[in-house]
Amino acid sequence: MRYFFLVMLGVSLLVFSQASGQSILKFTEYDDDDRVVADSLRQIAAFDINSRVEITIDKDALRKVLFAQLDVTPLSAEIINRISVLQNIAVDGLAALAPLQDSLLSWSRTPDSLRDSKTLQPVFRRIGDPALRLINLATPGSRLRETFNSQLANIPREAGTAGTYRILFDGALQEAMALKAALDSIARNHGVFVQLGAWVDTRKTTAPIHLPGFDEYPEGEAFVVERWNINLSQEQKETLRSIEHLANNFNGNSFKGALRNIQLTTPEMIREIIDTFNQCADSIRGRLDNLDNELTQQQAIAKGDVKDLKSQITGYVDFLKGLKNKYQTGSLTTSSTAFLIQTNDDLSQIKNRTEELIERAKNLRTDFASRFETGSSAIRLAVNDLGNTIVHCSELLETGIKDLINKAKALFTELTGFKKLNEAALELSEEVFKFDIDGLPDKTEFTLTKTGRRQSGDKILVRIAAGDSTRQRQVLEHRRFRLFQLLPHIKTVVGLIFADLPESETVDSKFQLSASYSILLKKGSRKSMGYNRTFNPGIGLNVAALDFDHDDVPEIGLGLVGSVFRDYLQGGFGYNVYRDKAYWFFGLRIPLSLSAITFNREAGSVP
């Protein structure tokens with residue numbers, strides 16, 4: 001019996017050192033190449049985008065973390081430590097049984113004259129150490145001591161030495177299981193529940209993933225990311241058309257002219273916004289003039305409100321005119337950084353002042369609609385006309401600002417490959433089951449091909465949480481994994497290449513800018529996010545639409561291309577099939593979102 005007390009002491013030392021780095025959730029990935037990848041020591045940082053993932057719950061680690069956070073009983077830490085020590089001792093002892101049996105059998109077959117008891121000392125020392133620790137932990141009167149006494153008293157003669165040791169270690173496992181059941185009962189009586197949930201976070205949305213046995217969510221859309229895809233998407237084809245405009249500008253107006261066109265893109269966007277806002281301001285001001293003409297001197301308060309709003313609009317229009325003049329005359333700074341910061345500050349001012357003006361106009365519209373509800377028909381008509389104009393303009397301006405922001409975000413997301421997610425806001429909804437610890441399934445799995453449309457850089461989030469009847473649910477462990485095409489695969493990207501023109505061509509420029517696409521062979525890394533996120537090299541075939549002699553007749557160019565930095569930088573050697581000439585080139589991948597910002601802007605109509 002005295003060994004049970006020592007079990008508790010030994011456990012507290014052993015388990016505490018192990019559990020500090022213990023993980024509740026363990027992941028195993030099964031990819032399309034039938035490779036099994038276990039998440040040992042949290043070394044997996046990414047999954048292949050089409051893999052199947054198995055989640056296993058370590059209930060021993062779960063109990064330790066759960067009871068430490070919820071603190072439902074002051075004895076929980078002691079009990080958990082005791083369980084761990086008993087299990088460790090039993091594992092060590094059972095592992096030493098087979099060598100002991102083999103050594104005893106070999107010794108029994110050795111002639112008496114050749115037997116040497118010293119040959120048995122290593123195996124007895126190995127099994128004796130955990131056995132002694134276990135015996136010293138069973139204190140008189142304890143359940144473990146009574147279990148040992150009962151089992152040893154009825155041990156069959158044929159059990160032998162190894163059988164006697166096995167009884168001790170099996171008893172340790174039985175005691176550990178009994179302690180787990182007692183701990184789970186305490187948790188159940190306190191209303192403790194456990195939940196497991198998972199989400200897929202793409203660039204467009206964040207959606208829950210169905211985990212069989214853990215929730216009632218439906219399966220997501222079945223979608224397989226093509227591994228050997230050489231086809232251009234419709235979006236890529238549209239981008240190629242946009243690239244053609246840029247290439248023609250470059251080849252027709254020289255490199256300096258093309259850069260000038262690119263440099264003017266951002267100021268041009270700002271000028272277009274200013275023009276739209278100016279039209280809205282003039283339209284509202286005209287409606288205010290109509291209303292002012294209908295108001296009599298007796299309605300002095302209303303006339304004052306109209307005058308104030310007109311004054312605010314005038315100041316707003318002057319502000320817009322100043323910005324427009326600034327961008328029409330060109331940048332006042334030679335610093336690119338200062339220029340970009342200046343454009344950002346100007347956009348922020350436009351947004352803030354527009355929101356203030358629209359809010360003021362909306363409030364006045366609401367006030368006038370109530371104040372002149374029973375007034376003359378002319379005033380009510382003017383008020384109604386003003387209100388409709390304010391509503392239409394506010395919707396137009398808000399849509400314009402949001403559209404610009406969304407396009408800028410889309411470009412940033414494509415350039416970086418990631419979007420920011422407020423992971424703290426993720427919630428385990430009512431569709432997620434609540435389990436007692438003893439009723440919690442040991443494992444589940446999900447297939448990424450049933451989680452909807454995904455692309456490289458998206459995330460998988462898995463969370464296990466617990467709560468009880470009196471306290472808010474707490475997250476016990478949160479894991480995140482990036483999705484990439486990690487297995488060998490083919491990726492097609494569109495972009496620009498600068499082809500080195502042969503000296504025999506009668507053209508002014510050293511390089512010709514051409515639209516192209518590259519078919520690249522690539523492979524990702526499960527452990528290095530820097531490799532997938534930044535370097536991400538590839539090698540393959542480049543197909544370009546060349547025109548070395550500028551006769552507007554496309555000439556096909558085929559080349560060997562290498563790419564780095566997520567294909568934004570490319571280079572290689574090519575061959576102009578039509579002209580029978582070789583060339584070298586370097587190129588740039590064009591983000592698909594860039595063409596939407598540069599070439600597809602449409603203005604709204606103002607009443």
Response to the item:
With bins of 5 Å, the percent of all Cα-Cα pairs of segment 60-181 per bin from 0 is 2, 10, 18, 18, 16, 12, 9, 6, 4, 2, 1, 1, 0
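What is the Å³ per residue value for the convex hull set by the Cα atoms of segment 151-236?
Measuring per residue, one finds 243 Å³ for the Cα hull of segment 151-236.
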Item to complete: Please give the contour-minus-distance gain from residue 431 to residue 143: 0.36 nm per residue of separation, less the Cα-Cα distance, rounded to one decimal in nm.
Response: 99.5 nm
Worksheet item: residue 318 to residue 229: extension gain in nm, 0.36 nm per residue of separation minus the Cα-Cα distance?
Response: 26.7 nm
Practice prompt. Report the label-to-label distance for residue 565 and residue 245 in nanometres (one decimal), using points 7 Å from each Cα along the Cα→Cβ vector.
Written response: 2.5 nm
Worksheet, complete the sentence: Contour minus Cα-Cα span, residue 500 to residue 189, at 0.36 nm per residue, comes to 104.2 nm
Worksheet entry | Residues in segment 149-181 that a label on residue 105 would reach, taking backbone N under 20 Å of a point 7 Å out along Cα→Cβ | 157-167
Item to complete: Once you've got the Cα coordinates, tell me which of 450/523; 59/204; 204/237 are over 25 Å apart.
Response: 59/204
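Can you give the FRET efficiency for residue 385 and residue 325, using 1/(1 + (r/R0)^6), R0 = 41 Å, r = Cβ-Cβ distance, to the nearest 0.05?
0.85
Quick one: which of 434/527; 64/443; 443/522; 26/459; 26/527 span more than 27 angstrom between C-alpha atoms?
Check vs 27 Å cut-off fails for 434/527; 443/522.
Values in this text are rule-based calculations from the coordinates and carry no lab data. Bear in mind the structure is a predicted one, so any value in this text is a computation, not a measurement. Positions of Cβ are backbone-derived with ideal geometry, glycine not excepted, and every protein chain shown enters the neighbour counts.
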